[in-house]
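Beneath this line is the structure, given in structure tokens, with notes to follow.
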Amino acid sequence: MTDDFPDHIFELPNSSAFSAAALRIFRIQSGGNPVYRQFILSLGKNADRIENISDIPFIPAEFFKSHTVAIEKLTFEAIFESSRTTGTDPGRHFVHDLKLYERSFLASFRHFYGEPSGYMIAALLPSYSERQNSSLIYMMRGLISESRYKLSGFYNENPEDLIRNIHMAKASGQKTILLGVSFALLDLAEKYSPDLSGTIVMETGGMKGRRKEITREELHEILKLKLNVTEIHSEYGMTELLSQAYSKGNGMFYCPPWMKVLIRDPQDPMTVTAEPGIAGGINIIDLANFYSCSFIATGDFGKLYDDGGFTVSGRFDNSDIRGCNLMAE
């Protein structure tokens with residue numbers, strides 16, 4: 001394994017380079033990740049004969065609940081764990097190199113929003129010390145640190161301070177971004193209805209069992225009205241991934257250059273396509289998952305579009321609901 005190869009994934013110039021890197025990583029992981037190797041064998045696939053990324057087997061995200069999905073003989077700097085929902089086991093991502101994760105989330109933020117140092121970054125999430133094994137909290141801690149703005153931070157228990165400090169930052173000409181779990185943002189909107197015009201408001205997911213489920217469209221309409229913003233941004237990520245996609249409005253997500261979404265046929269999970277206009281299960285290639293598995297079949301249902309964007313319209317019935325909102329306790 002080439003030690004500096006993971007760094008190259010952030011410098012891919014085009015789709016051909018992405019496919020070449022994905023196939024190279026597939027060779028490494030199909031040989032060196034025993035769980036993934038056994039999964040491929042159970043499908044009757046020969047890894048040596050796979051020459052196209054659409055033919056690569058995608059391991060179900062549920063495997064992260066019951067297996068150590070990682071290259072063998074590695075040590076781990078962290079184990080990220082998904083939030084627990086009632087009656088379910090959490091997914092666990094064994095992370096060999098935290099620097100790779102840090103480079104991924106910082107590069108992705110810069111790709112879509114520019115330098116974190118240009119923002120006041122506020123989070124409606126529990127502080128890192130409360131949820132040390134959350135990849136979302138780790139990411140937000142890193143972004144807040146990069147912000148270097150004195151009022152950036154976690155505001156889970158201090159909504160009045162959050163509102164006041166956002167207004168102070170805006171009055172001084174500082175760009176502001178507020179990221180929160182959907183239930184916490186909805187509580188803020190309904191209880192305080194603050195004027196956050198000019199602030200980027202970003203949600204990270206649905207109600208997750210904490211409130212009556214509503215669609216993303218319904219949530220965004222409520223937040224836009226109550227917070228006086230024109231668009232609601234969204235972050236698409238999960239414990240099993242080390243990269244994030246972002247939406248700047250209308251629920252249309254875009255991946256950074258080292259991440260790609262493909263769609264699988266709900267009736268035939270082995271049939272995968274990158275053609276736009278087709279709805280089905282969301283499969284993700286995340287090259288930042290270099291030391292675990294870069295080829296994940298999620299429980300999300302969605303659709304690809306001509307410009308490379310994708311939407312998420314729901315979950316498959318047999319998939320557990322991700323529980324990030326349970327962190328907002």
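The values are calculated or read from the model by the stated rules, or taken from the named source; none is laboratory data. Everything numeric here is computed off the predicted structure, so don't read it as measured data. Note that each Cβ is placed from the backbone with ideal geometry, even for glycine, and that neighbours are counted across all protein chains shown. Areas reflect the complete protein model, heavy atoms only, side chains present, ligands, DNA and RNA absent. Shrake-Rupley method; radii C 1.70, N 1.55, O 1.52, S 1.80 Å.
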Exercise. Among the listed pairs LYS191/LYS303; LYS99/LYS224; LYS150/LYS170; LYS73/LYS260; LYS175/LYS260, which are separated by more than 25 Å between their Cα atoms?
Worked result: LYS191/LYS303; LYS99/LYS224; LYS73/LYS260; LYS175/LYS260
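Rounded to the nearest 5, what is the percent of antiparallel bridges among the DSSP beta bridges in the chain?
Values: 30 of 46 bridges.
For the chain, the DSSP antiparallel bridge percentage is about 65.
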Problem set entry | Rg/Rh ratio calculated on Cα atoms of region 30-71 (Kirkwood radius) | 0.96
Exercise. Kirkwood Rh, Cα Rg: Rg to Rh for region 183-268?
Worked result: 1.02
For this session: Note the full-extension length gain between GLN38 and SER172 as 0.36 nm times their separation in residues minus their Cα-Cα distance, in nm to one decimal.
Result: 42.6 nm
Problem set entry | Relative contact order %, the chain, counting alpha carbon pairs below 8 Å whose residues are six or more apart | 19 percent
Exercise. Picking from TYR138, ILE50, GLY91, whose Cα lies most toward the positive end of the charge dipole for the chain (charges on Cβ: Lys, Arg +1; Asp, Glu -1)?
Worked result: TYR138
Exercise. In Å, what is the Rg of the alpha-carbon atoms in the chain, and how long is Dmax?
Worked result: 19.5, 62
Seminar exercise, completed: Per residue, accessible area of region 136-220 with a 1.4 Å probe, heavy atoms of protein chains only, in Å², comes to 46 Å²
Exercise. What full-extension length gain, to one decimal in nm, is calculated for ASP265 and ASN133 as 0.36 nm per residue of separation minus the Cα-Cα distance?
Worked result: 44.2 nm
Exercise. Which value in nm describes the separation of the simple spin-label points at ASN158 and ARG24, placed 7 Å from the Cα toward the beta carbon?
Worked result: 4.6 nm
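With N residues in region 1-113, what two-decimal value do you get for its Cα radius of gyration over 2.2 N^0.38 Å?
That works out to 1.17 for region 1-113.
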For this session: Report, by chain and number, residues whose modeled amide H sits under 5 Å from the one on HIS96, excluding near sequence neighbours (fewer than 5 apart, same chain).
Result: GLU77
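Over the chain, with every protein chain in place, what whole percent of the accessible area is carbon and sulfur at 1.4 Å, could you tell me?
The value for the chain is 48 percent carbon and sulfur by accessible area.
Stick to the Cα atoms of region 70-204, pair each with every other, and give me the Kirkwood hydrodynamic radius in Å at one decimal. Could the numbers behind the result be given before it?
Numbers: mean 1/r = 0.0622 Å⁻¹.
About 16.1 Å for region 70-204.
Can you work out the accessible area per residue across region 13-75, with the rest of the protein chains kept in place, probe 1.4 Å, in square angstrom? Don't skip to the answer; put the middle values down first.
Details: 3210 Å² over 63 residues.
Here the residues of region 13-75 average 51 Å² of exposed surface.
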Problem set entry | Cubic angstrom per residue, convex hull over Cα atoms of region 228-282 | 118 Å³
